[in-house]
Amino acid sequence: MSSPFERFRTAARTRLLKREGNGKITQQLQAAGGAKIGLKPASGWHKRNFLTEVLIPSLFTPRVGGRGGAPVLPDLAQGQIGMTWIGHASFLIQTPEANLLVDPNWAKWLKVIKRIRHPGMEIHDLPNIDLVLVTHAHFDHLDRRTLRLVAEDQPIVVPYAVGNLVHDLGFRSVHELQHWDSFQNGPARITLTPCRHWGARILHDSHRGFGGFIIEIGGRTIYHCGDTAFFDGFKEIGKRFDIDLALLPIGAYDPPSGREVHMNPEEAINAFRDLGAKQMVPMHYGSFRLSFEPPEEPLARLISAARKEKVEDRIAIMTEGQPVVF
């Protein structure tokens, strides 16, 4: 039986760059309910030393995990979602209709920051990928080397003003979305949602967009949050979409700058409740030490908060490289 994406795979290679909306970042952020976080450090940020407390010790920490061989990817029935956590914010999402990659990153280093857990699977063990999504331009989410390896003439979806970072990597087409804009590719409908973060890849690269993705496919809805601090917009996202599975970040909440740029585990539980999602998968912890908190702390705090709020049976804690069917 032919894939519903077959006509996209066999189409002429155009490398189309399509932009939605008017490109007015400040105006569309306000209209969408999002917020851009500035780069100014918080008061007292200099009282701790990230170099000596976190960065240098990480260099001498052996990488762990991720060496169990190729995962056995599941055969899926209609309406099922197969989810494989690669690590950090990277996921392989499978349905009977398509295979998607979100924020794929197989990098062993983020410049000078060492990856302390191996990716959950080798990149050559991936199935054919029909669509790639990247939430924003930060190096831990947009890794050009990884994207070049997974690009096989399929489309890629990114926020506004991020397309020029990926257009030359081998994707057939690049689709830039503004918040609440959607892209339909075969059976998959992708919508960019607002968040409270920022998109600069380098210090003064402030024009780039950022957000999360709603993925609607096969009668199911998945929400990949990208990066965000806690904000009221989760309620609006929950009103607009009936979310089956929310992938929410729980780490990097004690950054060197002292800015509130990521959710802590308790805030992630609050976001989960505001979204009204049926299940939550925690992410964005354990792979890279981007912050002062110990690597094991986010998950311990999440479990405690989930028990306190009596939602522990709705939290699916994943292990890198081990597929789970939802």
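Throughout, read-outs are computed from the coordinates displayed, never taken from laboratory work. Not measured: the values here are computed from a predicted model. Every residue, glycine as well, gets a Cβ built from its backbone with ideal geometry; the counts of neighbours run over all protein chains shown.
Among 223-235, 294-306, sorting by the average number of other beta carbon atoms lying within 10 angstrom of each residue, highest first, gives 223-235, 294-306.
Taking 0.36 nm per residue of sequence separation and removing the Cα-Cα distance, the R307/Q322 pair yields an extension gain of 3.0 nm. Separation of the stretch 102-120 from the stretch 232-288 is 21 Å, based on Cα centroids.
With N as its number of residues, the stretch 186-326 has a Cα radius of gyration that, divided by 2.2 N^0.38 Å, comes to 1.04. Stokes-Einstein diffusion for the stretch 81-325, with the hydrodynamic radius set to the Kirkwood value over Cα pairs and evaluated at 37 °C in a medium of 0.692 mPa s, equals 185 µm²/s.
Peptides 70-77, 147-154 ranked from most to least packed, by the mean per-residue count of other Cβ atoms within 10 Å: 147-154, 70-77. Listed peptides 240-250, 84-94 appear in the order 84-94, 240-250 once ranked by packing, highest mean of other Cβ atoms within 10 Å at the front.
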